[in-house]
Every structure is written in C-alpha cells, then in structure tokens.
Amino acid sequence: MKQIALDFGLAVLPTLTNFHVGQNEAALHHLQAWLDCIVDSGSSLPPNPPMPTYLWGPGGSGKSHLLKAMREALREQGAATGWMDASVHNPPEFNAAWAAVLFDDVHLFTEQQQHTAFNWFVNAQTHWCPVLAAGVFAPVDLKLRDDVRTRLGWGHIFHLQPLPEAQQRMVLREAADARGIAMGDDVIDFILARFSRDLSSLTELLDRLDIYALQTHRSNITIPLIKSMMENP
C-alpha cells in the first residue's frame, strides 16, 4: 500500500537527545564526539583538516534529524553553519566564519548544487571546517560528479537503519501517551500502513490529530477521525 509523506513543519526541534537510536549507536556517538570537538576547539585550528562524515540510509532512518540536530546544537553555542539541501536553489558563498558545513539529501543535488558543494568542500578543507553530509545511497552509488562523490566517501561513513516496527510502535505509543491521546493498536496499524514512517512526520501527525480531535470534540483518536482529518485539511 502506498505510504503518504506528510509535508508538515516539525513541532519539536530535532536534537541528539530526542533521536531514537535503534541500531545507530555508532553514528550517534560519533556525532556527539564531533560536536564536542567543534565546541571545544573554539577558534583554534586542529593539527589536521577534519575528515568529512557521511550518513546514508533509506528514508525514515534519521539522517535529516541528525543533521538538523547538529545545526541546532551549534546554533545554541552561537556558531553559524553552512546548510544546503535539495530545496536550496540559491546557496550562499562559503563563509569562513562557519563552524561546519552540512549537506542533506545529496543524492538529489542539481549540477549547480554540486558545483557549490565542491566549492564548499575545498574551502572547508582550507579553513579546517568539518563537513557533515547525508544521502539515501552509499558514496560509491551516488550519481554525482566524481570530485563531489569521492569527497563524500573519503571520511567517516555510517549506514543508518530505520527503527524496527516494534520500536516504531513503542515510539508512537509513548508520543501519544505524552500528549494524553487515547490510541488503540488498530489506529497504530492504520498509521504505520498508510503514512510515512519517518518519525518526524509521525510526530507531526500526532500533533495534528490532537488538535483535530479537540476541534471536533472527540475524546480519542480513531481511524474514522484520521480519515476525516485527511479529507478536511
């Protein structure tokens, strides 16, 4: 059955703390250490240019969550970052004041975005600026220009795995309980079968359902309620 990807903004900012780890402990520990190194180094340069880090895996495995969590963590430290994903059609010039460069959905980059990514890579190495990137495919399988693809693959690479269904159910149940939402197993079955299993989208769906239930004076979440909400956005 075709799944529906929800195009909603996040209700809760992604953080490393609210990332549901599953089988991705190694990647999370690496990024925590990566963040600590950036924050601790301040304005001093490390002895060698930092190696890039690349996260890859299917949709719903947490790639974008982790990149946005890193960007938010650096922002809280007062650090600016360079960010480019497939929706950024007019990326800025590289800024030497950036604490890090972040690339999301690199498998979707256009020729112009690849040109910018290469430029940022070169400048990042010159300025000892770490690069964190993510895409659906392993570096060797990316349909990108060689100089970008090889740079994405020359550092730390982590293959992210989506949460198993049992953990997805647990996360949904905990999120519903936290919102005071009554939701039966049949509703969870319906949601997991028909909507994107990306946890950010599922979280936003719960927020929408909670609001819609209040607006329609319903005491719990049912399959008819979900269908009604989708028919009346």
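None of the figures in this text is laboratory data; all of them are computed from the coordinates on show. Nothing here was measured: the structure is a model prediction, and the numbers come from that model. Cβ: placed from backbone, ideal geometry, glycine included. Neighbour counts: every protein chain shown.
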Distance from region 188-230 to region 82-123 (C-alpha centre basis), Å = 35
Karplus-derived 3J(HN,Hα) from phi for region 112-128 (6.51 cos²θ - 1.76 cosθ + 1.60, θ = phi - 60°), whole Hz, x at Gly and Pro, runs 5, 5, 5, 4, 5, 4, 4, 4, 5, 4, 4, 5, 4, 5, 4, 9, 6
Under the Karplus relation 6.51 cos²θ - 1.76 cosθ + 1.60, θ = phi - 60°, what is the ordered set of whole-Hz ³J(HN,Hα) values for region 90-103, x standing for Gly and Pro?
-> 10, x, x, 5, 4, 10, 5, 7, 5, 7, 6, 10, 10, 10
Per the charge dipole of region 187-233 (beta-carbon charges, Lys/Arg positive, Asp/Glu negative, Cα centre), the residue among LEU199, PRO224, ALA213 reaching farthest to the positive end is PRO224
Residues with amide H under 5 Å of THR81's amide H, sequence separation 5 or more or different chain, H placed in the peptide plane at 1.01 Å from N; which?
-> ALA99
Assigning unit charges at the beta carbon (Lys, Arg +1; Asp, Glu -1) and nothing else, what dipole magnitude in debye, to the nearest 20, does region 165-231 show about its Cα centre?
-> 120
Taking the Cα centre of region 25-159 as origin, sum charge times position over the Cβ atoms of Lys and Arg (+1) and Asp and Glu (-1), and report the length of that vector in debye to the nearest 20.
-> 120
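In debye to the nearest 20, how big a dipole does the chain give about its Cα centre with +1 on each Lys and Arg Cβ and -1 on each Asp and Glu Cβ?
Working: 17 positive and 25 negative charges, 43 e Å.
About 200 debye.
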From phi via Karplus (6.51, -1.76, 1.60), per-residue ³J(HN,Hα) for region 188-203 in Hz, x at Gly/Pro | 4, 4, 4, 5, 5, 7, 10, 10, 4, 8, 4, 5, 5, 5, 5, 4
